[in-house]
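This report concerns only the one structure given below.
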Amino acid sequence: MTQSKTHDLAIINAVCLLPANDGTLLRAQTSVAVTNGKISAIGPRAHVGAAEIIDAKGLHLLPGIIDSQVHFREPGLTHKEDLESGTRGAVLGGVTCVFEMPNTKPSTTTLEHLNQKFQAAEGRVWSNVSFFIGATPDNANELEELELHPNCCAIKIFMGSSTGSLLVEEENNLRKILAKGRRRIAVHCEDEARLRERRKLVEGKNNPALHHVWRDEETALIATKRLVRLARETSRPVHVLHVTTAEEMDFLKGAKDVATVETTPQHLTLAAPECYERLGTLAQMNPPIREARHREALWRAVNDGTVTVLGSDHAPHTLEEKAKPHPESPSGMTGVQTILPLMLDHVNNGKLSLERLVELLARNPARLYYAVGKGEIRVGFDADFTLVDMGRTEEIKREWIASKSGWSPFEGTKVKGWPVATIVGGSVVMRDGQLLGRPIGRPVLFEQR
């Protein structure tokens, strides 16, 4: 008699990063079983009766990596990126879930536009997806209802560096938006008035190395302080995106009552002026890459708990667009495919522990936005995993980059630590650099707290 199979899949012999009873993460070499897309058993004999077994001896099994800030440009700007190519890059880089930003054309500011994005994603996304709603002065009264869409991760405010209706710079409008709703709201903090005032410092000079001089520390700090003041006034939790300065980190250490904090691998890896000398406008992003003293302050904030999550701020532009003279050149770079390899290399170099990395790239993003069944290897959670080889050395090459923009600022960088398999909903979608099957990503579900 043929024995019936208990589980669909089991991963054996991996060193797994598992949640402990005290809230920490523990490493344990064990087996993890999957049934119907969910984690069904964890333990030495969890693999018994599995229809398929992956022997992961010598590898680490991480909960599925979440990139909580990407710009995939669809609709309207799909010559740079689209949902298929962006999520393809995600899973090639070990990312199982992405939260995508609203500055598309048209901007994602209505229920109709949000639903259109989910419709466009159906059958085309390799990773799981969610989308932000963009806040504007015009939709402020609808935001309280819009944020309750079960698959919407959050509302996004651009206090600077956006165009048209997505730019929210006046304090009364900011206060009105923060007062409408209760879920955590993500914010790009740069003071638009100061940016306009200081643009004369770079006009006509075509010098990317002045980018961080124009968009200086005070530009960021003014906006971050204003946001925290209004968040306290309205009792609204906020998430400060891509924090880049030592001054902001010092301030935000005392704002944990209302604010969580993101920084990016770019700001943890690159520094001015060298990056601008070497990469020119390819190093241009907002907020900018700054001097080494800021980078070191970001690392301190990563390790003292001030930083809550890491996001790639994947924001691709074509090489032709990037070749425009600064400051007409657009800001942004690819990152979703390189976020994990870069950070694994930093783990191997002793900059942070693997446990801390899992918190920043899986556990905390899921908790921050209340994503259901994400962020941990726990029975009953979704079977999203990232399998990594901590001893593998690779060079980041242009031909590996899946983005339609076709480049990375980290081309030629050798890293130690590499994603070797990406598992989404219990199905292996990437193994040894090869895509498997078809796009099976699904919308992420969120608790409405």
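Any read-out appearing in this document is the output of simple, stated calculations on the displayed coordinates, not a laboratory observation. Not measured: the values here are computed from a predicted model. Here the Cβ positions follow ideal geometry from the backbone for every residue, glycine too, while neighbour counts run over all protein chains shown.
List of remarks:
- Cα centroid separation, the range 1-74 to the range 201-225: 45 Å.
- C-alpha center-to-center spacing [the range 150-184, the range 236-299] in angstrom: 21 Å
- Burial ranking of peptide ranges 146-154, 346-354 (average Cβ count within 10 Å, highest at the top): 146-154, 346-354
- With K and R counted +1 and D and E -1, the other residues having a Cβ less than 15 Å from that of Glu247 yield a net charge of 0.
- Beta bridges assigned by DSSP with both partners in the chain are antiparallel in approximately 50 percent of cases.
- Normalised contact order of the chain, rounded percent, pairs of Cα under 8 Å and 6 or more residues apart: 21 percent
- Protection proxy ranking, peptides 402-413, 240-251, average beta carbon neighbours within 10 Å, highest first: 240-251, 402-413
- Taken about its Cα centre, the chain carries a charge dipole of about 460 debye when Lys and Arg each add +1 at the Cβ and Asp and Glu each add -1 at the Cβ.
- Degrees separating the helix 339-348 axis from the principal Cα axis of the chain, which is the longest one: 70 degrees
- Annotation note: GluC sites (Glu not before Pro) in the range 305-360 located in DSSP loop regions with a Cβ neighbour count of at most 14 within 10 Å are Glu328.
- Projecting the Cα atoms of Ile222, Ile155, Pro439 onto the charge dipole of the chain (Cβ charges, centred on the Cα centre) puts Pro439 farthest toward the positive pole.
- Packing, as the average of other Cβ atoms within 10 Å across residues, places the peptides 375-381, 330-336, 42-48 in the order 330-336, 375-381, 42-48, highest first.
- Too-long pairs where the Cα-Cα distance tops 22 Å, listed order kept, from Lys225/Lys256; Lys156/Lys225; Lys105/Lys404; Lys180/Lys225; Lys156/Lys397; Lys225/Lys253: Lys156/Lys397
- Taking a Cβ cut-off of under 15 Å around Leu435, the surrounding Lys, Arg, Asp and Glu residues balance to a net charge of +1, with basic ones at +1 and acidic ones at -1.
- For Asp345, the shell of other residues with beta-carbons less than 10 Å away shows a net charge of +2, using +1 for Lys and Arg and -1 for Asp and Glu.
- The long axis of helix 217-234 is offset from the longest Cα principal axis of the chain by roughly 70 degrees.
- Computed from Cα atoms, the angle from the helix 111-121 axis to the main principal axis of the chain rounds to 50 degrees.
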